[in-house]
Ligand code: PAF
């Protein structure tokens, strides 16, 4: 595996790789875990060359403390990437990605206005900025994203449509979970031992709501999820929305969507955890 730090070198290497076959891109912010490794494994199976970017993108953090405390574990990340059979690890500096401030404002529309878009102003614009740059630097055949950030995938698809990335397949990959159900996240390391022991209640409650939903209205199911999780120590639901999987718009009745997805954000102490579940009624 080669570690590449400049855009010029990355482009040169990938021009050669593209001439030989397909290129799979896995964008990450580092602090890699088994969730990232599952994306890389899939990219490895489906492409001739695999490039993983490791870049904590400052423009997508609307909270300076979150940016400052985001885990940075470059050495461990590089070792994991090497072990996963990655060809190129792209680990640029902030100045390399943003030689000048990125002032682009993307018109991402309704998919970016609800949930994370409403709670974290500017977050999705920052994601669109960095992912559009990564797509331009790498010109991948396929790019891989985890469904834990369910809304992010819809936003990236919208950005790709706006920017005309037509010959690129965006591949969504299922959430990876710990044995007790907690969705893998780089933020999990910030949970205290006591918080870590209650955090699986999020996934457990979402799963139990699949059964409740058979007899409850959508509004009742939503409220049941919120109340159940809030009863646990440390836990405070920020939002729970049941949305259509394509439009990301909240629905009022189960019959309003063929693919309802429940998207949740919970503060466990001061650690913000997200998860989601697909209902099939
Ligand atoms: O999901 C993430 O880790 C980030 O939002 C991404 C897609 C790598 C962009 O910085």
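Numbers at a glance
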| quantity | calculated |
| --- | --- |
| Flag if residue 75 is more than 11 Å from the ligand (Cβ to nearest atom), surrounded by fewer than 20 Cβ atoms within 10 Å (Cβ to Cβ) and free of Cβ contacts under 8 Å to residues at least 12 places away in the same chain | yes |
| Set 67, 37, 80, 25: member being over 30 Å from residue 246 (Cα atoms) and not in a loop (DSSP other than H, G, I, E, B) | 80 |
| Count of the stretch 183-199 residues which are outside any helix (DSSP H, G or I) and either touching a helix residue (DSSP H, G or I) at 6+ places or on another chain (Cβ under 6 Å) or over 24 Å from residue 28 (Cβ atoms) (or both) | 3 |
| Filtered residues of the stretch 237-247 (kept if under 25 Å from residue 200 (Cα atoms) and outside any strand (DSSP E or B)) | 245 |
| Qualifying residue in the stretch 100-108 (condition: within 15 Å of the ligand (Cβ to nearest atom) and under 22 Å from residue 32 (Cα atoms)) | no |
| Matching residues in the stretch 45-72 - criterion: being within 15 Å of residue 144 (Cβ to Cβ) and either crowded, with 17+ Cβ neighbours inside 10 Å or within 15 Å of the ligand (Cβ to nearest atom) (or both) | 47, 49, 50, 51, 52, 53, 54 |
| Residue satisfying condition, being surrounded by 14 or more Cβ atoms within 10 Å (Cβ to Cβ) and touching a residue at least 40 places away in the same chain (Cβ under 8 Å), within set 107, 87 | 87 |
| The stretch 121-150 residues that are on the phi > 0 side of the Ramachandran plot, paired with ones that are more than 10 Å from the ligand (Cβ to nearest atom) (beta carbon under 7 Å, 6 or more apart) | 122/62; 139/14; 139/18 |
| Residue within the stretch 79-86 that is at pLDDT 95 or above and under 15 Å from the mean Cα position of the chain (by Cα) present | no |
| Hey, residue 92 surrounded by fewer than 21 Cβ atoms within 10 Å (Cβ to Cβ), within 13 Å of the ligand (Cβ to nearest atom) and in contact (Cβ under 8 Å) with a residue 24 or more places away in the chain or not | yes |
| Every residue from the stretch 89-147 that is assigned to a strand (DSSP E or B) and closer than 24 Å to residue 79 by Cβ | 89, 90, 143, 144, 145, 146 |
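Every residue, every condition in (1) away from the ligand (no atom under 16 Å from the Cβ); (2) surrounded by fewer than 16 Cβ atoms within 10 Å (Cβ to Cβ); (3) at pLDDT 95 or above, yes or no:
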residue	(1), (2), (3)
147	no, no, yes
162	yes, yes, yes
167	yes, yes, no
207	yes, yes, yes
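The values are calculated or read from the model by the stated rules, or taken from the named source; none is laboratory data. Bear in mind that the values here come from a model prediction, so they are computed numbers and not experimental data. We place every Cβ from the backbone using ideal geometry, glycine too, and count neighbours over all the protein chains shown.
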